[in-house]
Amino acid sequence: MAVASLPHGSSAGHDGVDQLYADTRALRLQGMLLFLVSDCILFSSFIFAYLYMRNSGQGWPPAGISRLDVAFASVNSVVLFGSGATMHYALENWKHNNFGRYALFMLATIVLGIGFLSGQAYEYTNLIFKEHVTWAGSGIFGASFFTLTGMHGFHVSVGVLYLIILFLQSVHGVYTKDKYFGLTAGTLYWHFVDVIWVVLFSIFYLI
Amino acid sequence: MHIDPAVLERTIAIIGGIIVAIVSAKALKDDWNTPGLDNQVFKLMLGLLFIGAIVAALAGANVLGNFPKAA
Amino acid sequence: MSATAVHAGGIADHIHPEPQGFVRRYIFSIDHKIIGIQYLITGFVFLILAGMLAEVIRTQLLHANGGFVSPDVYNEVYSMHGSAMVWLVIIPLITGGFGNVIMPLQIGARDVAFPWLNMISFWIFPVAGLMLFSSFLIGAPVAGWTEYPPMSLQAGPGTSMWAAAIFLIGVSSTLTGINFVVTMFQMRAPGMTWTRMPLFCWAQLATAPLLMIATTALAAALAALFIERQFGVPFYDPTKGGSPVMWQHMFWFYSHPAVYIMVLPAFGMISEIIPTFARKPIFGYKLIAFSSMAIALAGFMVWAHHMFTSGLAPYLQLPFMIITFIIAIPTGVKIFSWTATLWGGKIHFTTSMLFAVGFVALFTLGGITGIFLAAVPFDLHVHGTYFVVAHFHYVLVGGSLMGVFAGTYFYFPKMSGRLMNETLGKWHFWLFFIGFNGTFLPQHWLGMLGMPRRVPEYDPQFQFWNDFSSISSYVMTFSILLFFINVLWSLRNGKKSGPNPWGGRTLDWQIPSPPHYYNFKNIPTVYGLPYDFGQPLPYKGLEEELTDSPVHVGAHY
């Protein structure tokens with residue numbers, strides 16, 4: 001694979017703006033991290049609700065509902081976790097000025113992300129149409145499963161869009177070797193979505 | 001030759017999980033000494049990714065999530 | 001985290017050109033001062049609306065058999081009164097309003113960390129407020145501001161509107177919280193270490209994580225309520241496997257920290273006002289700063305003291321009771337520190353100071369009844385009675401609202417360059433103080449005698465004190481009318497204040513009133529605490545601020 005270096009930054013030569021950018025990076029990083037913290041609280045609240053309801057004494061899964069398909073979800077999880085690894089390498093390659101490899105890993109991340117969403121769509125179709133487990137019609141099992149995984153899927157969808165936009169921006173030269181906070185923020189968000197899935201996978205499929 | 005989809009899925013999960021675990025561990029080791037708040041967060045995320053990949057592999061191997069059929 | 005900024009100025013010290021045009025300057029402004037004033041105006045408008053709802057309540061309760069409004073309407077009235085006061089009045093005034101105007105000035109910054117986000121945070125507020133009040137057209141929420149299921153599940157469409165509106169305003173709060181934390185961490189002037197930061201900022205720093213974390217927990221509860229009502233997804237309906245008590249846990253996990261959101265910034269303002277008008281350094285600066293953080297942290301651990309009658313096991317009630325008692329300690333530390341600040345000071349009883357001292361007295365009373373309520377055996381008897389209503393009005397009205405008044409009289413000159421009328425101000429204070437106590441003091445014994453809350457009619461034995469309370473409330477309302485007349489009159493005719501009418505020592509008082517859009521011509525360097533009255537100011541670089549020297553637009557490196 002030919003190693004291409006990064007496109008020329010559009011802010012080259014505008015020192016005041018670059019200085020402003022460099023100085024405010026810590027600010028934007030902290031803002032992004034705090035946003036992720038608050039998003040974490042959102043998920044934690046629903047996870048609390050799920051565990052509280054599950055602890056209410058009735059058996060799990062409730063009568064008439066069969067266990068979730070661990071095998072399929074394991075594959076889907078590996079797909080998502082794999083996308084986390086590829087995202088890490090995308091950022092690494094950007095930092096080392098390898099546009100070609102960056103692009104490869106970035107696209108791989110997007111493809112894997114879409115793959116995960118397809119897997120979730122398959123899981124939902126299976127649950128709703130074959131097993132007849134629905135959001136509103138299956139008591140607290142359907143309520144908690146679809147709400148939490150749906151919220152997560154929504155976050156992944158937004159994440160895929162975000163990564164596509166970042167990729168297009170990087171192609172257009174918005175980011176340079178030294179100025180790429182957007183990519184850092186995207187990586188943080190993508191890892192966050194991954195880590196949430198570790199928790200959701202464990203509490204829905206494995207316990 | 002007919003492969004039971006569940007077996008195929010489990011195999012992919014185990015192999016994939018191990019690969020991702022190795023890759024994340026290597027990435028974590030390589031980046032261990034980087035400074036800066038964002039890098040600390042990345043290291044934490046890579047560690048959790050490592051754990052997640054192991055969990056997925058164990059789930060594929062029926063070690064975790066191995067329940068008797070529901071009533 | 002570095003305590004001081006990197007360059008000679010503050011972080012990214014650069015002045016942008018002045019915004020042009022009415023819309024850019026005053027409607028869709030990204031200037032924290034304008035946004036803060038927008039919050040204040042909108043919050044005061046909602047204060048009038050929610051206050052009118054309160055007077056409907058008190059008028060209904062003039063007669064033991066009601067008769068002013070129907071019981072169904074009455075349910076809507078008190079539900080909306082509570083919801084509006086918490087989410088559309090106190091929280092926006094005290095965080096978005098005063099926090100936005102004052103905090104960046106006090107830390108020597110040119111604006112908050114994310115000015116565009118700040119503007120969006122503001123504009124969500126009137127939209128959400130309109131949404132909430134428009135629920136009256138389709139049947140407002142009826143289960144109190146706490147909207148417990150199953151009643152909130154069964155009620156009309158207004159409850160869904162309520163959930164959506166409060167969710168929206170929660171987003172505004174969360175974004176403000178993030179903005180304030182990042183601003184205070186990253187944009188303090190050079191030399192302003194944490195222990196040289198003014199106490200109002202410490203208060204906002206303690207409140208901001210509550211805005212960020214607690215509000216998101218409420219968002220989850222509201223979202224669940226909404227989807228249950230609209231799509232039938234079971235969370236709280238016991239007939240479908242859900243749990244009404246779970247709503248209470250999720251709701252109060254937010255709403256207890258919410259009361260600290262409503263009071264901590266008021267504590268911060270009191271901590272600025274009292275030393276200024278006692279001409280004495282604040283007693284126990286570090287104690288006050290850290291006690292704010294302690295209150296914020298502990299505030300997350302006491303939510304179930306609102307649920308003592310919900311069937312929780314006693315072994316669960318006990319830790320909540322004990323931690324609630326413990327929260328009184330950092331609060332008490334503040335009360336003692338303010339009192340010690342007053343002791344031996346040269347006290348000037350401006351209107352602002354009257355409200356500040358009144359705050360200390362009335363909040364203490366409210367805090368004491370809070371201790372009563374923390375005790376499970378006592379609470380079991382008075383939960384859901386007027387004793388609780390009395391308690392929270394003492395801390396929220398005698399506390400937070402008086403803090404808002406104190407802050408308005410104090411910071412009005414900073415925002416407008418004019419003083420508010422002191423005579424009208426004193427009438428406001430005394431009528432308010434007398435009216436307030438007349439309204440809510442009797443409600444303690446009404447509650448202990450057994451009068452439940454949220455009732456449109458009551459046993460005739462409670463008649464006298466209800467009438468006493470209602471008449472007093474009209475006096476209180478009249479005094480608030482005087483306040484608004486004062487604000488409007490003073491904007492046109494108030495005496496010019498000059499930059500620093502109160503002799504304040506924090507950075508906000510060292511620049512013109514009202515400040516230029518860029519706040520500071522040159523970001524100063526800070527050498528000490530601002531509370532040493534009688535000593536020279538601990539700042540360097542402020543020489544040009546009050547002169548007419550031209551300002552350099554662009555980077556300041």
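Just so it is clear, none of the values below were taken in a lab; they were calculated from the coordinates. The model shown is predicted, which means the values in this text are computed figures rather than measured ones. Cβ coordinates were reconstructed from backbone atoms using ideal geometry, including for glycine residues, and neighbour counts include every protein chain displayed.
At a Förster radius of 35 Å, what calculated FRET efficiency corresponds to the Cβ-Cβ distance of A:N55 and C:F136, to the nearest 0.05?
FRET efficiency, A:N55 to C:F136: 0.35.
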_the range C:224-292 versus the range A:172-199: alpha-carbon centroid distance in Å_ = 32
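Specify whether the C-alpha gyration tensor of the range C:289-356 places it in the rounded, prolate or oblate class, a ≥ b ≥ c being the square roots of the eigenvalues: rounded for a/c under 1.5, otherwise prolate if a/b is larger than b/c and oblate if not. Before the final figure, lay out each step's value.
On the way: a/c = 3.70, a/b = 2.77, b/c = 1.33.
Because a/c hits 1.5 or more and a/b exceeds b/c, the range C:289-356 counts as prolate.
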*asked:* Need the C-alpha centroid separation for the range C:48-70 versus the range C:522-542, integer Å.
replied: 51
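Where in chain A are the helices, taken as whole DSSP H runs, whose Cα atoms extend 15 angstrom or more along the long axis and whose Kyte-Doolittle mean reaches at least 1.0? Can you show the working numbers first?
Numbers: long enough: A:15-54 (58 Å, 0.71); A:70-95 (38 Å, 0.59); A:99-125 (39 Å, 0.92); A:139-171 (48 Å, 1.52); A:181-201 (30 Å, 1.47).
Helices meeting the criterion: A:139-171, A:181-201.
From other protein chains only, count the Cβ atoms within 10 Å of every residue's Cβ in C:237-250, then give the mean.
Details: counts 3, 1, 0, 6, 11, 7, 6, 0, 2, 6, 1, 0, 4, 5.
Mean shielding by partner chains, rounded to a whole number: 4.
Taking each residue of C:185-192 in turn, how many C-beta atoms of other protein chains fall within 10 Å of its C-beta, and what is the average? Walk me through the numbers before you get to the answer.
Working: counts 4, 8, 2, 0, 0, 0, 0, 0.
Going residue by residue through C:185-192 and averaging, the value is 2.
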*Take the Cβ-Cβ distance between C:L441 and C:L316 as r, set R0 to 45 Å, and report the resulting FRET efficiency rounded to the nearest 0.05.*
0.85
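For A:178-191, what's the mean count of beta carbons from other chains sitting within 10 Å of each residue's beta carbon? Provide the component values of the computation, followed by the final result.
On the way: counts 0, 0, 0, 1, 0, 0, 5, 1, 0, 4, 4, 0, 1, 7.
The shielding value for this peptide is 2.
Decide, for the range C:110-266, between rounded, prolate and oblate: order the square roots of the alpha carbon gyration tensor eigenvalues as a ≥ b ≥ c, take rounded if a/c falls under 1.5, and otherwise choose prolate if a/b is larger than b/c, else oblate. Provide the component values of the computation, followed by the final result.
Numbers: a/c = 2.90, a/b = 2.07, b/c = 1.40.
It comes out prolate by the Cα gyration axes.
Filter C:K495/C:K521; C:K334/C:K495; C:K280/C:K540 down to the pairs with a C-alpha to C-alpha distance above 30 Å, please.
Working: C:K495/C:K521 26 Å; C:K334/C:K495 34 Å; C:K280/C:K540 22 Å.
Violating the 30 Å Cα-Cα cut-off are C:K334/C:K495.
Could you give me D for the range C:159-241, from Stokes-Einstein at 37 °C and 0.692 mPa s, where the hydrodynamic radius is the Kirkwood radius over C-alpha pairs? Units µm² s⁻¹, please. Don't skip to the answer; put the middle values down first.
Working: Rh = 14.8 Å.
Estimated diffusion coefficient is 221 µm²/s.
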*asked:* Residues of the range C:254-274 with backbone nitrogen within less than 17 Å of a virtual label 7 Å along the Cα-to-Cβ line of C:I347, please, listed as ranges.
replied: C:270-274
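Mind putting a number on the dipole of the range A:70-206 about its Cα centre? Charges go on the C-beta only, +1 for Lys and Arg and -1 for Asp and Glu, and I need it in Debye to the nearest 20. The partial results should precede the final answer.
Details: 5 positive and 5 negative charges, 61 e Å.
With Lys and Arg at +1 and Asp and Glu at -1, about 300 debye.
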*Given the peptides A:74-86, C:352-364, arrange them by the average over their residues of other C-beta atoms within 10 Å, most packed first.*
A:74-86, C:352-364
*Relative to the Cα centre, what is the charge dipole magnitude of the range B:1-66, using +1 at the beta carbon of each Lys and Arg, -1 at the beta carbon of each Asp and Glu, and rounding to the nearest 20 debye?*
120
*Please provide three numbers in whole Å: the alpha-carbon extents of chain C along the principal axes, with the largest listed first.*
69, 50, 47
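In Å, the Kirkwood hydrodynamic radius of the range B:26-71 over pairs of distinct alpha carbons?
This gives a value of 12.5 Å.
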*When you have a sec, figure out the Kirkwood radius of the range C:382-465 from all distinct Cα pair distances and drop it here in Å to one decimal?*
14.6
_Per-residue [θ]222 nm for chain C (sum of -39500 (n - 2.57) over DSSP H runs n ≥ 4, rounded to 500)_ = -20000 deg cm²/dmol
*Scan the range C:461-557 for GluC sites (Glu not before Pro) in coil per DSSP, keeping those whose Cβ has at most 12 other Cβ atoms within 10 Å, and list them by number.*
C:E543
_Quick check: pseudo-label points 7 Å beyond the Cα along Cα→Cβ at C:Q230 and A:S66, how many nm apart are they?_
3.4
*chain C, relative contact order in percent, only Cα pairs under 8 angstrom and at least six apart counted*: 18
*Farthest toward positive dipole pole in the range C:46-202 [+1 Lys/Arg, -1 Asp/Glu at C-beta], among C:P141, C:S172, C:Q60*: C:S172
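Go ahead and run the numbers for FRET between B:F67 and A:S44, Cβ-Cβ distance against an R0 of 25 Å, rounding to 0.05. Could you put the intermediate results ahead of the total?
Numbers: r = 25 Å, r/R0 = 1.02.
Between B:F67 and A:S44 the formula returns 0.45.
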*Any chance you could run the full-extension gain for A:S118 through A:Y21? It's 0.36 nm times the residue separation minus the Cα-Cα distance, nm to one decimal.*
31.1 nm
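If a/c stays under 1.5 just call it rounded; otherwise compare a/b with b/c (prolate if a/b is bigger, oblate if not). Do that for the protein assembly as shown, with a ≥ b ≥ c from the square roots of the Cα gyration tensor eigenvalues.
Details: a/c = 2.20, a/b = 1.23, b/c = 1.78.
The shape class here is oblate.
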*Distance in nm between label sites at C:H516 and C:E457, each 7 Å beyond Cα in the beta-carbon direction?*
6.7
*Centre separation in Å (Cα based) which lies between the range C:447-501 and the range C:175-209*: 34
*Could you give the spread of the C-alpha atoms of the range A:63-207 along their three principal axes, from largest to smallest, in whole angstroms?*
57, 23, 21
*Could you grab the relative contact order for chain A? Cα pairs under 8 Å, six or more apart, rounded to a whole percent.*
33
*For chain A, with a Gaussian network of springs between Cα atoms less than 10 Å apart, report the residue from A:S66, A:S56, A:S138 with the top mean-square fluctuation.*
A:S56
*So how far apart, in nm, are the two label points at C:D467 and C:F484 if each is 7 Å from Cα heading toward Cβ?*
2.9
_In chain C, if the dipole is taken from +1 on Lys/Arg beta carbons and -1 on Asp/Glu beta carbons about the Cα centre, which of C:G284, C:N466, C:F231 is farthest to the positive end?_
C:G284
*Partners for B:K43 among aspartates and glutamates (Cα-Cα distance below 12 Å; same-chain residues under 8 apart left out)*: B:D30, B:D31
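Which whole-number percent gives the relative contact order of the range C:390-526, counting Cα pairs below 8 Å spaced six or more residues apart?
Values: 135 pairs, mean separation 49.8, N = 137.
That works out to 36 percent.
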*chain C: angle of helix C:463-493 to the longest principal axis, Cα-based, in degrees nearest 10*: 20
